[in-house]
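A.B. asks: Questions regarding the structure given below will be posed in turn.
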Amino acid sequence: MKRRTAELLNGITDLRVDESGDLSLLTGFRTGGRAVIAVPQSRQALIETVNVLRKQEEKHFILGNGSNVLAMDDGYDGIVVLTREACSQIEADGTRVRAGAGASLADVCRKACSEGLTGLEFAFGIPGSVGGAVFMNAGAYGGEMKDVLAEVEYLDSDGQVTVSRAEDLEMSYRSSWFQDNRDTVILSAVFALGCGDSEVIRGTMRETMNKRIEKQPLEYPSCGSTFKRPQGSYASKLIDECGLKGMTVGGAQVSEKHAGFVINRGGATSSDILELIDRIKERVSEMTGYELECEIEFLD
Ligand SMILES: Cc1cc2nc3c(=O)[nH]c(=O)nc-3n(C[C@H](O)[C@H](O)[C@H](O)COP(=O)(O)OP(=O)(O)OC[C@H]3O[C@@H](n4cnc5c(N)ncnc54)[C@H](O)[C@@H]3O)c2cc1C
């Protein structure tokens, strides 16, 4: 980091900077090296931090809960900006719930449930923040963010706070406008929900969570599904049919429980994970003709 950037960041109230943060503590696979981590403690500090980094032309990466991010073994040569302590407030207003980008998606689901608001049950159990969920158009069990999202407030590439309606954000399967506009930062989202019964909603959330516990290798670090669903099939089905369950590189393994998950069985490095991903892609392509595409984001 340039000395001038450090000085400018130093001048921001409510900003903590860890000069040698451990990325393995902040990302899904629990792998990765070191990086400068900026941890704004307020929305204003997040905006100021990003604006300083842009002005100083410092490479940076916005990290929510890190549940879908693979960090590299040799760390990151830019500044990682963590949102989770900056914007985590959640408010309900009628049938709408507004949540800061750093709020946990699980907490948003719980809030909706306690307010008797239905629509977000599918998302209970998707690890991560609201910002990450919007960026990825996260989804599960027949639902996705785009079904419930009304609008998103973000910092645009000129440093201005802008609001866009969800229908203008090109949301489709695990994709959003933000993925093509990585110089933007999601600040908050509004979810438009329906009236429901808290007990029924709670029951559905519990069922959803139980399905995850039953089907997914939650006892090991991972980023969830490693690959996107290819058209006409399922990544886990293809990987299973190619006999790749249990395939291992170092500490990285194709989960025996769910072939769509690459897991850290213990002691995996990011290089192990990357090599395993390459081998899976190669074998699936050779044996089925399908070209798998990663759902994981890379911090590099
Ligand atoms: C066990 C497990 C199960 C999972 N199951 C599912 C599932 O069922 N469905 C599903 O869709 N996903 C699933 N995932 C993946 C992951 O939970 C989602 O992608 C989630 O939405 C990521 O949120 P996050 O806050 O952790 O984002 P991160 O991993 O921190 O970031 C993901 C991407 O979003 C960007 N980003 C994050 N916040 C912002 C922001 N405020 N502004 C701009 N960009 C931002 C990051 O730069 C990065 O490119 C699973 C992961 C695990 C570990």
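The values are calculated or read from the model by the stated rules, or taken from the named source; none is laboratory data. No experiment lies behind these values; they were computed from the predicted model shown. Counting neighbours? That spans all protein chains shown, and the Cβs are built from the backbone with ideal geometry, glycine included.
A.B. asks: For segment 133-142, which residues satisfy the criterion of being in a helix (DSSP H, G or I) and of a type in the set (A, V, I, L, M)? Please lay out each step first, then the result.
C.D. replies: Step one: filter segment 133-142 for residues in a helix (DSSP H, G or I), giving 133-136.
Answer for segment 133-142, where residues must be in a helix (DSSP H, G or I) and of a type in the set (A, V, I, L, M): Ala133, Val134, Met136.
A.B. asks: Filter segment 271-300 for residues that are of a type outside the set (A, V, I, L, M) and in a strand (DSSP E or B); which is nearest to Tyr76 (Cα to Cα)? Outline the logic, then answer.
C.D. replies: Of all residues in segment 271-300, those of a type outside the set (A, V, I, L, M) come to 271-272, 275, 278-279, 281-283, 285-286, 288-291, 293-295, 297-298, 300.
Next cut, in a strand (DSSP E or B) only: 294, 297-298.
Details: Cys294: 20, Glu297: 14, Phe298: 10 Å.
So the residue we want is Phe298.
A.B. asks: So for segment 62-74 (the condition being over 16 Å from the mean Cα position of the chain (by Cα), modelled with pLDDT of 95 or more and within 12 Å of the ligand (Cβ to nearest atom)), does at least one residue qualify? Break it down stepwise before answering.
C.D. replies: Residues of segment 62-74 that are over 16 Å from the mean Cα position of the chain (by Cα), as a first pass: 72-74.
Now narrow it down to the ones that are modelled with pLDDT of 95 or more: 72-74.
Applying the additional criterion that residues be within 12 Å of the ligand (Cβ to nearest atom) yields none.
No: zero hits.
A.B. asks: In addition: Just for helices (runs of 4 or more DSSP H) wholly inside segment 143-248: which have at least 3 residues that are surrounded by fewer than 13 Cβ atoms within 10 Å (Cβ to Cβ)? Write out each step before concluding.
C.D. replies: Working: elements: 145-148, 198-215, 235-241.
Hits in segment 143-248: 198-215.
A.B. asks: Applying the selection to segment 59-86, what residues are charged (D, E, K, R) and buried (at least 19 other Cβ atoms within 10 Å of the Cβ)? Lay out the reasoning, then the answer.
C.D. replies: Going residue by residue through segment 59-86, those that are charged (D, E, K, R) are 59, 73-74, 77, 84-85.
Within segment 59-86, just Arg84 meets the criteria.
A.B. asks: Additional query: Please go through segment 75-98 and give me each residue that is among the charged types (D, E, K, R) and more than 14 Å from the ligand (Cβ to nearest atom), ordered by number. It would help to see each step written out before you state the result.
C.D. replies: Here is the first cut: in segment 75-98, the residues among the charged types (D, E, K, R) are 77, 84-85, 91, 93, 96, 98.
Matches in segment 75-98: Asp77, Glu91, Asp93, Arg96, Arg98.
A.B. asks: I'd like to check something: does segment 153-168 contain any residue that is under 30 Å from Pro217 (Cβ atoms) and modelled with pLDDT of 95 or more?
C.D. replies: Restricting attention to segment 153-168, the residues satisfying the condition of being under 30 Å from Pro217 (Cβ atoms) are none.
No.
A.B. asks: Then there is this: Could you check, for segment 201-220, whether at least one of its residues is within 12 Å of the ligand (Cβ to nearest atom) and of a type in the set (Phe, Trp, Tyr)? If you could, list the steps in order and put the result at the bottom.
C.D. replies: Within segment 201-220, the subset within 12 Å of the ligand (Cβ to nearest atom) is 208-209, 211-213, 215-220.
Pick out the ones that are also of a type in the set (Phe, Trp, Tyr) and you get 220.
Yes: one or more hits.
A.B. asks: Next question. Go through Ser176, Ser164, Ser157 for me and flag whichever is under 22 Å from Gly100 (Cα atoms) and under 19 Å from the mean Cα position of the chain (by Cα). Working first, answer last.
C.D. replies: Values: Ser164 fails: under 19 Å from the mean Cα position of the chain (by Cα); Ser157 fails: under 19 Å from the mean Cα position of the chain (by Cα).
After applying the criteria, what remains is Ser176.
A.B. asks: To continue, here is another question. For segment 111-128, check the following and say yes or no: at least one residue is touching a Lys or Arg at 6+ places or on another chain (Cβ under 6 Å), in a loop (DSSP other than H, G, I, E, B) and either closer than 16 Å to Met171 by Cβ or modelled with pLDDT of 95 or more (or both).
C.D. replies: Let us first name the residues in segment 111-128 that are touching a Lys or Arg at 6+ places or on another chain (Cβ under 6 Å), namely 113, 125.
Filter again for in a loop (DSSP other than H, G, I, E, B), leaving 125.
If we keep only those that are either closer than 16 Å to Met171 by Cβ or modelled with pLDDT of 95 or more (or both) too, we end up with 125.
For segment 111-128, residues touching a Lys or Arg at 6+ places or on another chain (Cβ under 6 Å), in a loop (DSSP other than H, G, I, E, B) and either closer than 16 Å to Met171 by Cβ or modelled with pLDDT of 95 or more (or both): present.
A.B. asks: Got a sec? Which of Glu48, Glu7, Glu57 is within 16 Å of the ligand (Cβ to nearest atom) and either at positive phi or not assigned by TED's automatic domain parsing to the domain that holds Val152 (or both)?
C.D. replies: Glu48
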